Amino acid sequence: MKIAIVTGGSNGIGKATALGLGKLGISVILTYNSYKDRAEAVVKEIEKNSGVRALALKLDLTQLSSFEGFVLEVKKNLKEVWNRTTFDYLVNNGGIGGPMMFSEMSEEYFDKILNTNYKGPIFLTQQLVGFMEDAGAIVNTTSSSKNQSFPGYSVYGSLKAAFSTWTRYIAKELAPRQIRVNAVSPGPTHSNFGDGVFDKHPEFIKPLAEQSVFGRIGQPEDIAKVIVNLLSDDFSWVTAQDIEVSGGHLL
Ligand SMILES: NC(=O)c1ccc[n+]([C@@H]2O[C@H](COP(=O)([O-])OP(=O)(O)OC[C@H]3O[C@@H](n4cnc5c(N)ncnc54)[C@H](OP(=O)(O)O)[C@@H]3O)[C@@H](O)[C@H]2O)c1
């Protein structure tokens, strides 16, 4: 029985990933930040449809001082629920976006994007990898914006580029343990991103859809399928890669 930890599993891509892993009989510890109710609903759906155990834990990636307590919770649950001291897969998916023009940028905005999308996942991985099984796998969620230049996304895009580069470095450092580390770069995806920006402003979808060669934006399941496959043994000879999953956005 494999066990995966998926950060940001209460919504969007993380939710679809948790459900996809459950379908394969993989148990999931998913995390939420604001939406405990949604995370609990994902747990229920996994357990009902897949017959594997799942659980939801609170994690705020900006609060590095809380990681020690989170890790203790994970270890306690691994023991009590699965009688394990280790887990197998980590999906560093939790993140936030939202544009801010360089001319107006505040330090508060910069730090929030930095801590949630880059610093938090790095130090969380450092704490978790110590009790990850050898030959496990990690997938990081970066973004196609790392190769683009849409106004307002300079910090988000450049930190996703940094996260992508970090993926390569850490893939090398963890290779002696046969742990694979890869990334996916989603293009525009209809999740709850930007506090539900695509639901609040459906008019934003069409212009982005027109930038894709397939004429639509992504759904969370489009990205989750790739994450789930990258974790699997079918990709055992693949590490240090960042695969764009965007339906040919801006091709
Ligand atoms: N959607 C896109 O167009 C797109 C494109 C490229 C890359 N991405 C990346 O894909 C990943 C998933 O985003 P999504 O599109 O699925 O967005 P989403 O639907 O908003 O989901 C984001 C997840 O991250 C969690 N999260 C937010 N702030 C957090 C924090 N401080 N600490 C821990 N977890 C936190 C959220 O938890 P709560 O909901 O419980 O607060 C939620 O589960 C992100 O890394 C994002 O940068 C998205």
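Please list, in order along segment 87-101, the HN-Hα scalar couplings obtained from phi with the Karplus expression 6.51 cos²θ - 1.76 cosθ + 1.60 (θ = phi - 60°), rounded to whole Hz, x for Gly and Pro.
10, 10, 10, 10, 10, 8, 10, x, x, 10, x, x, x, 8, 5
Heavy atoms only, probe 1.4 Å: what % of the accessible area of segment 3-245 goes to carbon and sulfur, would you let me know?
54
So what is the calculated 222 nm ellipticity per residue for the chain, using -39500 (n - 2.57) for each DSSP H run with n of 4 or more, over all residues, to the nearest 500 deg cm²/dmol?
-13000 deg cm²/dmol
Return the distance in nm (one decimal) between the two label points of a simple spin-label model at N229 and F150, each offset 7 Å from Cα along Cα→Cβ.
2.4
Taking N as the number of residues in segment 15-58, what is its Cα Rg relative to 2.2 N^0.38 Å?
0.99
Between E40 and R216, what length in nm is gained on full extension when 0.36 nm per residue of separation is reduced by their alpha carbon distance?
Computed gain between E40 and R216 is 60.4 nm.
Can you sort D233, D60 by solvent-accessible area, 1.4 Å probe, largest first?
D233, D60
Convert each backbone phi in segment 225-236 into a coupling constant with the Karplus relation 6.51 cos²θ - 1.76 cosθ + 1.60 (shift: θ = phi - 60°), then list the ³J(HN,Hα) values in order as whole Hz, x for Gly and Pro.
So the J values, rounded to whole Hz, are 4, 6, 4, 4, 5, 4, 6, 6, 5, 4, 10, 5.
When the Kirkwood radius is taken over all Cα pairs of segment 3-245, what Stokes-Einstein diffusion coefficient follows at 4 °C and 1.567 mPa s, in µm²/s?
72
Need the list of lysines near K200 for cross-linking: C-alpha distance under 22 angstrom, and skip anything on the same chain fewer than eight residues off.
K15, K36
About the Cα centre of the chain, what is the dipole size in debye to 20, counting +1 per Lys and Arg Cβ and -1 per Asp and Glu Cβ, all else neutral?
The calculated dipole for the chain is roughly 480 debye.
If you count only protein heavy atoms with a 1.4 Å probe, what accessible area per residue comes out for the chain, rounded to a whole Å²?
49
Per the Kirkwood definition applied to all pairs of different Cα atoms, how many angstroms is the hydrodynamic radius of segment 11-117?
Roughly 15.2 Å, rounded to one decimal.
Can you give the log10 of the normalised intensity I(q)/I(0) at q = 0.14, 0.21 Å⁻¹, computed with Debye over equal Cα scatterers of segment 124-180?
Here log10 of I(q) over I(0) equals -0.46, -0.78.
Which percent of Cα pairs goes in each bin when the distances of segment 181-251 are cut into 10 angstrom slices starting at zero?
20, 44, 27, 9, 0
Subtract the Cα-Cα distance of E73 and M1 from 0.36 nm times their separation in residues, and report this length gain in nm to one decimal.
Fully extending the segment from E73 to M1 adds 23.9 nm.
Rg and Dmax of segment 120-246, using alpha carbons, in Å: what are they?
Over segment 120-246's Cα set, Rg and Dmax evaluate to 15.8, 49 Å.
Quick one: which of 44-54, 192-202 comes out on top by average Cβ neighbours within 10 Å, and what's the full order, highest first?
Ranked from most to least packed, the peptides come out as 44-54, 192-202.
The values are calculated or read from the model by the stated rules, or taken from the named source; none is laboratory data. A quick note: this is a predicted structure, and the numbers were derived from the prediction, not measured. Positions of Cβ are backbone-derived with ideal geometry, glycine not excepted, and every protein chain shown enters the neighbour counts. Protein only, heavy atoms only, side chains kept; ligands, DNA and RNA dropped before computing areas. Shrake-Rupley method; radii C 1.70, N 1.55, O 1.52, S 1.80 Å.
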